[in-house]
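Working notes for the structure below.
The values are calculated or read from the model by the stated rules, or taken from the named source; none is laboratory data. Remember, it's a predicted structure, so these values are computed and weren't measured experimentally. Note that each Cβ is placed from the backbone with ideal geometry, even for glycine, and that neighbours are counted across all protein chains shown. Quick note on the areas: whole protein, heavy atoms, side chains included, nothing else; ligands and nucleic acids left out. Shrake-Rupley method; radii C 1.70, N 1.55, O 1.52, S 1.80 Å.
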Amino acid sequence: MVVQSIPVTAAASDSSICAGQSIALSGTVTTPQTTTVQAAFSNNTTISIPDNNATGVYSPVTVSGIAPATLTNGAVFSVKVNITHPYVGDLILSLVSPGGLVVPLCSQRGGSGDNFVNTIFTMSATTAISSGAAPFTGNFIPDGNISGFTGNANGIWQLKVADVAASDLGSITSWTLTINNVVPATLSYA
């Protein structure tokens with residue numbers, strides 16, 4: 001267990017208390033305290049992926065309430081996808097920020113294998129997506145660096161999926177973007 005010191009000031013009271021009596025104490029934090037929590041934003045609408053179309057399809061999520069609003073290194077924690085497709089080697093998956101920056105998640109990996117099932121792209125994974133095998137399940141390091149996004153965290157993010165070869169059809173069934181959000185720490189005293 002780690003004990004973190006929190007600077008607190010207390011005002012003296014001129015009241016006396018005896019054994020068995022109680023008194024209410026209140027404290028004031030003298031410096032602002034914050035903590036990082038993960039905020040998840042999802043799209044669960046099924047979207048068909050057009051076959052043999054490099055333009056692809058976009059699935060949006062609206063992100064709001066993220067602080068700081070300007071992305072810092074590591075603010076984008078993960079992207080979780082569920083995609084049905086019988087030949088995932090046809091697919092190029094990318095994450096697009098509100099400012100238009102595009103980072104590749106997976107570029108034609110997995111050959112003739114099927115599907116992305118609860119596939120989580122995160123820089124904290126131990127296996128690169130390029131070393132994985134379809135069906136992709138679990139945590140993978142994406143082809144691009146999702147920690148390096150810059151610009152505004154709040155706005156419309158998009159998962160772009162393009163099928164760049166003919167003969168197979170698939171769908172995005174859901175996806176979730178998880179961003180590290182800095183919030184005021186909750187302090188309580190007993």
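Residues in segment 159-178 that are surrounded by fewer than 20 Cβ atoms within 10 Å (Cβ to Cβ) and under 15 Å from the mean Cα position of the chain (by Cα): Ser174, Thr176, Thr178.
Being in contact (Cβ under 8 Å) with a residue 24 or more places away in the chain, farther than 14 Å from Ile49 by Cα and open to solvent by 40 Å² or more (accessible area, probe 1.4 Å) narrows it down to one of Asn115, Asn145, so name that one. Residue meeting the stated conditions: Asn145. Is segment 5-28 home to any residue that is modelled with pLDDT of 85 or more, within 26 Å of Asn181 (Cα to Cα) and of a type outside the set (D, E, K, R)? Within segment 5-28, none of the residues are modelled with pLDDT of 85 or more, within 26 Å of Asn181 (Cα to Cα) and of a type outside the set (D, E, K, R). The number of residues in segment 70-83 being part of a strand (DSSP E or B), closer than 21 Å to Gly151 by Cα and either of a type outside the set (S, T, N, Q) or open to solvent by less than 60 Å² (accessible area, probe 1.4 Å) (or both) comes to 4.
Among the conditions (1) open to solvent by less than 70 Å² (accessible area, probe 1.4 Å); (2) more than 14 Å from the chain's Cα centre (by Cα), the only one that Phe41 does not satisfy is (2).
Within the set Ala54, Ala67, the sole residue that is assigned to a strand (DSSP E or B) and hydrophobic (A, V, I, L, M, F, W, C) turns out to be Ala54.
If the condition is being open to solvent by less than 50 Å² (accessible area, probe 1.4 Å) and of a type in the set (A, V, I, L, M), then segment 100-112 contributes Val103, Leu105. Remark: Ala133 falls outside the filter, which requires a residue to be touching a residue at least 60 places away in the same chain (Cβ under 8 Å), open to solvent by 20 Å² or more (accessible area, probe 1.4 Å), assigned to a loop (DSSP other than H, G, I, E, B) and of a type in the set (A, V, I, L, M, F, W, C). The set of residues in segment 29-51 that are β-branched (Val, Ile, Thr), under 22 Å from Ile172 (Cβ atoms) and not in a strand (DSSP E or B) comprises Thr45, Thr46.
When residues in segment 145-170 are screened for being over 23 Å from Val63 (Cβ atoms) and polar (S, T, N, Q), 1 of them pass. Remark: pairs (first residue in segment 60-82, touching a residue at least 40 places away in the same chain (Cβ under 8 Å); second residue exposed (fewer than 12 other Cβ atoms within 10 Å of the Cβ); Cβ separation under 7 Å; 6+ apart in sequence or on different chains) = Phe77/Gln38. Residues in segment 91-99 include at least one that is in a strand (DSSP E or B) and open to solvent by 30 Å² or more (accessible area, probe 1.4 Å).
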